[in-house]
Amino acid sequence: MQPERRKTSLFCSLAIAALTPALLSSPARAQADLGPTPAVAAPAQAWSEADAQALRHALAKAPAHGLDVTDLAQTAADVGPQDGARLSQVALTYAKALAFGVADPKKLHETFTLETNDRALDGELQAALSQHRLGAWLASLAPQDADYKALSAAYLQARAEGAPKAQARARTLALNLERMRWLDRRPAATRIDVNVAATKLWFFKDGEVLDSRKVVAGAPGHETPLLQASFRRITVNPPWRVPAGIAKREILVKGPGYMARHNMHIVNGQVVQDAGPDSSLGQVKFDLNDDQDIYLHDTPAQSAFDRADRHLSHGCIRVEDAVGFAHLVADQFGKGDTLDDRLATGETGSVLLPAQVPVRLLYQTAYVDDGQVQFVPDRYHWDAKLADAVGLADGVAVAVHP
């Protein structure tokens, strides 16, 4: 065995000797054989005293956002530009609170598909420091729309009043400012927003409110989820394919007589209610492309829109004068006559719009309507859930910690 080992060692030595000159004579080839050079991170941008002061000034404005940054402000006051790492940590923590909110809505809600804000904050911080525009950058991160500013002003006023009722308003405003920070800053200019808490809908066309009206939303226990979807199809005279859970709990147990009186029968194992004036979906349905079986629709029970509390459905959104609303939407896309024709037949049909219409289902217990800040009860108890998540249970500001 020993001669065999000497032969192998000699072969390896010769092979290495043969390769070495080639590697030495061709640095590029040597590097290719050794693999890519690890990337070297760019050095962090140095802080100046002016930058540190700009950060302190920005933190002093945190109350306008319903934020408590006491810990961050103390750190920023204690260190100078020589400790850039700690200042960067403070700046990024505050930037994230402004840009994304403090709580993660996808951890708070079983369903949350609303489009959220998206920023590359680490790189933006370095750019802001290099250009000495830290204050302007931080000021740009929170929502800039008129509704956010109105809630912010109402929050500061409530804090200044100090009375218990005013502090309760401040608490509600702080929570809803937080919810607004979650959202994409550039929603579609033409869209439908539904405030599930307020049971109200707004139709935006090219960035302006074209229409608003009452809706019925999910009852407690059947909460309407926070989702974003869109529709292109308006179904006319739709049948109702009853979800299995509803059929089992509320229809099948009432027997065949009830089903016959309500034009219901079983098709392929599923309860279906025929289209018609008494159908639960009414005359029109807006077919959202979501996976939750949530959509907007008409209803024969128009008296529900006269109620103060309109959280009555199994989760879908019933629209006040849905036929009139369908006309309004269809007209914006040149399809109003087509809708009239389909309705006149009395049969199930559809109107296909030339573009998708985005729909956002939101939950705002403090919101702006016609320029005025409004408050509504927290029917789903989601304010309390959010307050616990952001440390607001006993206070009136969302705590931001390093």
Given (1) touching a strand residue (DSSP E or B) at 6+ places or on another chain (Cβ under 8 Å); (2) acidic (Asp, Glu); (3) more than 30 Å from residue 99 (Cα to Cα), index of the condition residue 184 fails: (3)
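Please count how many residues of segment 338-392 are on the phi > 0 side of the Ramachandran plot and either among the small types (Gly, Ala, Ser) or touching a His at 6+ places or on another chain (Cβ under 9 Å) (or both).
The qualifying residues number 3.
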Do the conditions hold for residue 172, that is, is it of a type in the set (Val, Ile, Thr), within 30 Å of residue 334 (Cα to Cα), in contact with an Asp or Glu (Cβ under 9 Å, 6 or more places away or on another chain) and outside the structural domain of residue 389 (by TED's automatic domain parsing)? no
Looking at segment 377-396, is at least one residue in contact with a Lys or Arg (Cβ under 6 Å, 6 or more places away or on another chain), over 25 Å from residue 229 (Cβ atoms) and not hydroxyl-bearing (Ser, Thr, Tyr)? yes
One residue is enough: does segment 299-311 have a residue meeting the conditions buried (at least 18 other Cβ atoms within 10 Å of the Cβ), touching a Gly at 6+ places or on another chain (Cβ under 6 Å) and among the β-branched types (Val, Ile, Thr)? yes
Does residue 196 satisfy the condition of being touching a residue at least 40 places away in the same chain (Cβ under 8 Å) and either of a type in the set (Gly, Ala, Ser) or within 18 Å of residue 383 (Cα to Cα) (or both)? yes
From 246, 266, 294, which residue is assigned to a helix (DSSP H, G or I), in the same structural domain as residue 197 (by TED's automatic domain parsing) and either among the aliphatic types (A, V, I, L, M) or more than 24 Å from residue 223 (Cβ to Cβ) (or both)? 246
Determine which single condition residue 326 fails, assuming it passes every other condition in (1) surrounded by fewer than 13 Cβ atoms within 10 Å (Cβ to Cβ); (2) within 27 Å of the chain's Cα centre (by Cα). (1)
Qualifying position, being touching a Pro at 6+ places or on another chain (Cβ under 8 Å) and farther than 20 Å from residue 215 by Cα, among 337, 278, 274: 274
Number of positions in segment 317-349 that are part of a loop (DSSP other than H, G, I, E, B) and closer than 24 Å to residue 199 by Cβ: 2
Out of 147, 122, which single residue is under 24 Å from residue 374 (Cβ atoms), in the same structural domain as residue 395 (by TED's automatic domain parsing) and acidic (Asp, Glu)? 147
Can you tell me which condition residue 356 does not meet? The list is (1) assigned to a loop (DSSP other than H, G, I, E, B); (2) surrounded by fewer than 19 Cβ atoms within 10 Å (Cβ to Cβ), and all the others hold. (1)
Every residue in segment 77-103 that is more than 22 Å from the chain's Cα centre (by Cα) and buried (at least 22 other Cβ atoms within 10 Å of the Cβ), please. 87, 90, 91
Condition check for residue 224: buried (at least 20 other Cβ atoms within 10 Å of the Cβ), in the same structural domain as residue 327 (by TED's automatic domain parsing) and either touching a Gly at 6+ places or on another chain (Cβ under 7 Å) or assigned to a helix (DSSP H, G or I) (or both): yes
Which one of 135, 80, 162 is of a type outside the set (Val, Ile, Thr) and at positive phi? 162
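The values are calculated or read from the model by the stated rules, or taken from the named source; none is laboratory data. Everything numeric in this text was worked out from a predicted model, so none of it was measured. With ideal geometry, Cβ positions are generated from the backbone for all residues, glycine too; neighbour counts draw on all protein chains shown.
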